[in-house]
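The next block holds one structure in the form of structure tokens; read it before the comments.
What follows is calculated from the coordinates using simple rules that are stated; it is not laboratory data. In this text the structure is predicted, and so the values were computed from the model without any measurement.
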Amino acid sequence: MSPAEVAHALQEPATPVGGPYAQEDFATAGVSVFYGDAGHLACIALGAATGPQTTLVGVPLAGQEPEQMEQWLLEDYAAEHGATILFTPDGSFALTDLGLLIRTQQIGDTLPTRSLIVIEDWFESTYHRDHLPLEGPRPQDGDSAGPG
């Protein structure tokens, strides 16, 4: 999709953020989008608190405790569905067969989970998958100045 098509689908004007991924935010919808080559949609990041809720086999993916999500993904989802779960360097979870990343988003003092839906080319690229746009800082080892 082009930026105009995304804005039309979300029925909201975008707020251009720029950056290396040509980020646009849709505050009312709780969605950030990122464009790759030729200005085509490459990643949709859904807000942990304000974005649309996504589910995987009926389990909500947004707004969860990361440790509980990890446990569910490993013990229940992966075992039952034969899924491959990849852990990225920042501690996020990647569901390789779905092009889905489960990341966290800083909201006050909490770090609830959120979903990122990624095109195959970006998902298969270690650089893009492991450095996908994360808008806010994420504390790492007690430091509040890491990618997040």
Short to long, in 10 Å steps from zero, the percent of alpha-carbon pairs of segment 46-118 per bin is 20, 59, 20, 1
For the chain, what is the convex hull volume of the alpha-carbon atoms per residue, in Å³? 113
Take the Cα gyration tensor of segment 87-126, multiply each eigenvalue by 5, square-root it, and list the three semi-axes largest first, rounded to whole angstrom. 21, 10, 8
Residue-normalised 222 nm signal for the chain, counting each DSSP H run of n ≥ 4 as -39,500 (n - 2.57), nearest 500 deg cm²/dmol, is -4500 deg cm²/dmol
When the Kirkwood radius is taken over all Cα pairs of segment 1-60, what Stokes-Einstein diffusion coefficient follows at 37 °C and 0.692 mPa s, in µm²/s? 275
